[in-house]
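We did not get these values from a lab; they are worked out from the coordinates using the rules stated. Every value quoted in this text rests on a predicted model; they were computed, and no experiment measured them.
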Amino acid sequence: NTVESPTEDIPCTLLLTQKFRLDVPEANLRETWCLRFKPQQPLLFRPGDLLLITPDQDNKARAYSIGSSHLTQDYIELTVGLESYQQDNGLSGFGICSGYLCHRLEVETIITAKLRQNPDFHPPQTADQKIILVATGTGIAPYSGFVDERVENHTRNTWLFYGSSKKNGGFPTWYTL
């Protein structure tokens, strides 16, 4: 019972229902946020699919890896690292889209976005297939959904290795496999 992946991005309307920091502010690391959106129409999404978000009409869409699955959750989860920069004149700022998502977008706000299915980067469907996942920083984004699907299917042949470029890491443990 397979569904063929559409060749075009799927417009969608999403309600931001939860937003919280994943990093430890005292660790002085890059701000990293979890955002959970409730689709306002039926959507088929899997870990590794992409959500394209444009904070305003003058900017190019930014693609974020989805870290949840319609098979296990009713929300689309994103892990977003706040991009920051400092100019030569000493002024600092944030990335256009990450600044919007992490600092300006409020819970209970409805946004429009596009879903791009990415079947070449979905979790394996066979329970006996072993997988090793390796991630650093916000590269962890789709893997929480991989693990959720594997747990839902009672698959134990999954290893997730996560590393941080900072010695003190600052991230909580999400899964013990």
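Whole angstrom only: what separates the Cα centroid of region 6-49 from the Cα centroid of region 107-121? Centre-to-centre distance over Cα atoms comes out at 8 Å.
Scalar couplings 3J(HN,Hα) for region 62-70, obtained by applying the Karplus form with A = 6.51, B = -1.76, C = 1.60 to θ = phi - 60°, are 10, 9, 10, 5, 7, x, 8, 9, 5 Hz; x denotes Gly and Pro.
By the rule of a C-alpha distance below 19 Å, with chain neighbours fewer than 8 residues away ignored, the aspartates and glutamates paired with Lys114 are Glu4, Glu8, Asp9, Asp49, Asp56, Asp58, Asp74, Glu77. Residue by residue, region 48-61 carries 3J(HN,Hα) couplings of x, 5, 10, 10, 9, 10, 10, x, 8, 5, 8, 10, 6, 5 Hz when phi is fed to the Karplus relation 6.51 cos²θ - 1.76 cosθ + 1.60 (θ = phi - 60°); x denotes Gly or Pro.
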